[in-house]
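Enquirer: Take this structure, written in structure tokens, and hold onto it; I'll ask about it next.
The values are calculated or read from the model by the stated rules, or taken from the named source; none is laboratory data. Worth saying up front: this structure is predicted, and the values here are computed from it rather than measured. Virtual Cβ from ideal backbone geometry, glycine too; neighbours counted across all protein chains shown. Side chains are part of the model used for accessible areas, which takes the heavy atoms of the whole protein and leaves out ligands, DNA and RNA. Shrake-Rupley method; radii C 1.70, N 1.55, O 1.52, S 1.80 Å.
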Amino acid sequence: MTPGQILLFVVALVAFALALRRGVPTAQRALRETGQTIVRVLPLLVVALPMAAFLAELIPPDAAAGWLGPESGLVGIVIASVAGGFIPGGPFVSFPLVLTFIKAGAGGAQMVALITGWAILGFHRVIAWEWPVLGGRFVAIRLAASFALPILAGVLAQLLLPWFPHALIRP
Amino acid sequence: MPGFLRRQSNLLIIAAIGLAAGAAVWRLHGPEGVMRALGVAAGVFLGVLPAMLAGLLLAGSLKQLIPAGALAKWMGAESGWRGLGVATLAGMAMPGGPMAAFPLVLVLAQAGADRGALIAFIVAWALNGFQRVLVWEVPLLGADFAILRFLCGLPLGLIAGALARRIPIAWTPPGSGNTA
């Protein structure tokens, strides 16, 4: 188990202990709630994870750093925003990928758009987690409210970049 | 049982996309590619299962602990920009992956938080979660880039939340039953 998982377990057990302190019926309700959510989410997870893994196989690992260079401007920011949405997996996939792109000459604003697209749009996570837990209508509302934000983040980064001359240099 | 049918339709759609993507992998990479992907999926499943159980227990316990009235006041439909601000801060402070965050969002929704606050929470968690920034982004990409990226992401949760309140799609949280 990772430290993050251990922390999550400790926090969960503390919360459950607090529920137990409110009385046994409260704790029983908490457990019943937990069980119901497991029953709802688990079948979806079993179907969604292979699907996400298949999509990951289909995405080329070295998708043109040239399209995402500093001179690519707004077009590069838009490409990066959309491409970010299709990067599967957690931060252990996306941040090393961004590092590879930066070393291959990608622009700062484009990389901000890519990370923002991955975090906000993250279709892989939407399909594997958000849709099963919250439902298709919620996903539609959230994506309608946020699909343009990665582009906005990239444009903001372009404006702020002069104040961060060391942004693309490894520490 | 419309809720039951809706859940099954989600399952069917996900399964259909999975089968199509699996067929494409088979064509491009052969059976080895399919087996490799299934191995990855099994690894992820076993990897996230403990964290997911902990996240669900946390969400289930919090639902009993957090008074719905207080949340409705902080993050309800009447909470305005302050509710979006509270949700953004809570999202950034939320540790853990999607297996913990999305069940918690469901709990907050069932307890009366409005869609704008929920979406501000998700965007802030996904984009600027402190844990992810500190554990992954600063070490891999450097502090300067991480700060630039963090600043550019800061207003996005508020914007998404404010926009979401104006989108005319009806939504009630799954599992809220007749009490909503």
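Enquirer: Given the condition at the interface with chain B (Cβ under 9 Å from one of its Cβ atoms), over 14 Å from the mean Cα position of the chain (by Cα) and under 25 Å from B:Pro139 (Cβ atoms), answer yes or no: does some residue in the range A:126-139 qualify?
Expert: no
Enquirer: If you scan the range B:109-125, which residues turn out to be assigned to a helix (DSSP H, G or I), at pLDDT 85 or above and surrounded by fewer than 24 Cβ atoms within 10 Å (Cβ to Cβ)?
Expert: Listed by number, the list holds a single entry, B:Arg115.
Enquirer: Considering only the range A:26-54, state which residues are over 29 Å from the mean Cα position of the chain (by Cα) and open to solvent by 80 Å² or more (accessible area, probe 1.4 Å).
Expert: Matches in the range A:26-54: A:Gln28, A:Arg29, A:Arg32.
Enquirer: Any idea which of B:Gly22, B:Gly60, B:Gly97 is open to solvent by less than 30 Å² (accessible area, probe 1.4 Å), at the interface with chain A (Cβ under 8 Å from one of its Cβ atoms), touching a helix residue (DSSP H, G or I) at 6+ places or on another chain (Cβ under 9 Å) and without any contact (Cβ under 8 Å) to a residue 40 or more places away in the chain?
Expert: B:Gly22
Enquirer: Let me ask another. Take the residues in the range B:129-161 that are crowded, with 24+ Cβ neighbours inside 10 Å and under 17 Å from the mean Cα position of the chain (by Cα), then tell me which one is farthest from B:Met75 (Cα to Cα).
Expert: The extreme case among them is B:Gly153.
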